[in-house]
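> The structure under discussion is supplied below as structure tokens; questions concerning it will follow.
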Amino acid sequence: MKTQSKTGTIEQESLESVFKTELTEVYFAQQRLGKAYERMAEAAHDEELKKVFENQVHNTSLQIGRLEKCMEMLELKADAAYAEVVSGLIKASDRIISEFNEGSVRDTALIATAQKIEHYGISAYGTLRTFATLMGRVQCAALLEENKDEEAETDEALTRIAMSINQAAHEQA
Ligand SMILES: [Fe+2]
């Protein structure tokens with residue numbers, strides 16, 4: 001089967017075309033998430049959580065750099081048609097910031113959303129890494145693996161921090 005892209009060119013359906021869609025999607029997602037994590041860092045009450053969110057602003061730009069390297073190697077151009085995928089999660093984090101007062105309860109809600117965001121990254125990068133390996137793009141696969149590991153580390157850090165924050169939020173009630 002063939003699909004018509006936004007630019008009007010006909011693309012053969014293939015693993016490469018799915019790879020390109022997924023890569024573009026996560027590329028735009030990370031661009032938006034950088035800004036979202038800046039707002040989350042500002043809103044976080046717990047200092048350790050604030051640091052994790054600030055670190056995400058930095059990680060996000062590293063990940064974008066690796067994705068751009070990958071796109072360059074594969075001569076791919078990002079297609080803005082796939083920019084909306086994580087906007088629901090970003091809206092959810094902005095709503096938490098505006099509706100809750102600063103404190104442990106808001107922190108727990110921000111952690112819950114951040115973990116969904118990180119799981120999205122683990123899944124997207126995992127698929128892309130596997131596809132790149134199949135396509136024989138070893139360097140690209142290594143860059144995507146690095147991004148996936150970064151997402152997994154963040155998820156683990158959030159789980160660890162959540163233990164004390166959840167307890168504090170529970171006791172606050
Ligand atoms: Fe991340």
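The values are calculated or read from the model by the stated rules, or taken from the named source; none is laboratory data. If you're wondering where the values come from, they're calculated on a predicted model, not measured in any experiment. Cβ coordinates were reconstructed from backbone atoms using ideal geometry, including for glycine residues, and neighbour counts include every protein chain displayed. Surface areas here come from the heavy atoms of the whole protein model, side chains and all, with no ligands, DNA or RNA. Shrake-Rupley method; radii C 1.70, N 1.55, O 1.52, S 1.80 Å.
> Can you tell me which of (1) among the acidic types (Asp, Glu); (2) touching a residue at least 40 places away in the same chain (Cβ under 8 Å); (3) within 21 Å of Met40 (Cβ to Cβ) is the one Glu153 doesn't meet?
So the condition that Glu153 fails would be (2).
> Select from the range 95-134 the residues that are closer than 14 Å to Phe53 by Cα and of a type in the set (Asp, Glu) and list them in ascending order.
Asp107, Glu118
> Just need a number here: residues in the range 134-159 that are open to solvent by 20 Å² or more (accessible area, probe 1.4 Å) and either of a type in the set (Phe, Trp, Tyr) or away from the ligand (no atom under 16 Å from the Cβ) (or both).
Going through the range 134-159 one residue at a time, the tally reaches 7.
> Evaluate the following for Gln31: is it open to solvent by less than 50 Å² (accessible area, probe 1.4 Å), within 16 Å of the ligand (Cβ to nearest atom) and either farther than 26 Å from Cys140 by Cβ or in a helix (DSSP H, G or I) (or both)?
When the stated conditions are applied, Gln31 does not pass them.
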